[in-house]
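Below is one structure, written out as structure tokens, with a few remarks after it.
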Amino acid sequence: MDRRRKLKLALDSSQNFGSIALAEQGKLIYSSFFSISITHSETLMPQVDYALKFCGCKPSDLEAVYFSQGPGSFTGLRIGLATAKGIAYGLKIPLRGFSSLQLCALQRRNCGRRILCLLDAKMKELYAALYDEQLNELRAPCVCKAEDILDWEIDGAYLLGSGAPLLKPHLAESALQLVEVDELPPLAAGLFTLAELFGAPEAYDFNALAELEPDYLRESTAQIRAKQRE
């Protein structure tokens, strides 16, 4: 008899790169990272299809989907959410979103320091959040100027993310000392850990699924420039 497996799918397309992962009953069985020139719309679903086939699984084996909800690339977030929603809706399974900043911070969890995560938001702005070592929010995700972060309690914190270079010139003019690390790109597999750490009821809810939106935190660069021209 064909036994249905119990898998969870994680996907992240919030940045210029992407990743997906599969877990079976709490164990990671597949993880892939892709950083290529073509768009997420051309890579994400084919990667999911390949992962399922590689692991000898079927879409019907999936029982939940996790995804990076933002902030990050506007196009990537839209594609990621559309893909995740399509899978969750088609299979009638739960869908949960997690902060891409918290996913970035995960690699320094339980390392004894606060964790400052910065993503480049373009237009000389940053997506930023500050966490304690257990990944609890000390400063909720926001969009701000690099100099604004100097007023946060960040002295001695780890500094992570693509936006870190924008903060460094301001740090040089202050007495603040942060710990830079050789970080790895955040991987979707980390979403399984976040789901365990920040557990919540998981049930299929069509209305909640329909209303789910990316955490953009602001309008896109194109929208801002259009308003400036007007």
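Every number in this text was worked out from the coordinates using simple rules, so none of it is lab data. Computed from a predicted model, the values in this text were never measured in an experiment. So basically every Cβ, Gly included, is an ideal-geometry build from the backbone, and we count neighbours across all protein chains shown.
Which of the peptides 43-52, 123-132 is most tightly packed, and how do the rest follow, going by the mean number of other Cβ atoms within 10 Å of each residue? Present the calculation step by step, with values, prior to reporting the outcome.
Working: 43-52: 17.1, 123-132: 21.0.
So the peptides 43-52, 123-132, ranked by packing, come out 123-132, 43-52.
What are the ³J(HN,Hα) couplings of region 24-29, residue after residue, when phi is run through the Karplus curve with 6.51, -1.76, 1.60 and θ = phi - 60°? Round to Hz, x for glycine and proline.
10, 6, x, 10, 5, 10
Under the rule of at least 5 residues apart or a separate chain, name every residue whose amide H is placed under 5 Å from the amide H of SER99.
GLN69
Testing the spin-label approximation: label points 7 Å from Cα along Cα→Cβ at ASP132 and GLU180. State their distance in nm.
Roughly 2.9 nm, to one decimal.
What lysines could a cross-link reach from LYS53, if we take a straight Cα to Cα line under 19 Å and drop same-chain neighbours fewer than 8 places away?
Cα-Cα hits under 19 Å: LYS6, LYS8, LYS27.
I'd like the Karplus ³J(HN,Hα) series for region 186-198: coefficients 6.51, -1.76, 1.60, θ = phi - 60°, whole numbers in Hz, and an x wherever there's a Gly or Pro.
The phi angles translate into x, 10, 4, 4, x, 5, 5, 5, 4, 5, 6, 5, 10 Hz.
Quick one: if you take sqrt(5λ) for each eigenvalue of the C-alpha gyration tensor of region 1-132, what semi-axes come out, biggest first, whole angstrom?
Here the semi-axes work out to 28, 18, 13 Å.
Regarding the chain, what's the average projected area of the Cα-atom convex hull, expressed in nm²?
Working: hull surface 56.8 nm².
Here the figure is 14.2 nm², rounded to one decimal.
Taking only the alpha-carbon atoms of region 107-230, what semi-axes of the equivalent ellipsoid follow from 5 times the gyration tensor eigenvalues under a square root, in whole Å, largest first?
27, 24, 12
Over the Cα atoms of region 108-180, Rg to Rh with Kirkwood Rh, two decimal places?
Value, to two decimals: 0.93.
How would you order 55-61, 206-212 from highest to lowest mean count of nearby Cβ atoms within 10 Å?
In descending order of packing, they fall as 55-61, 206-212.
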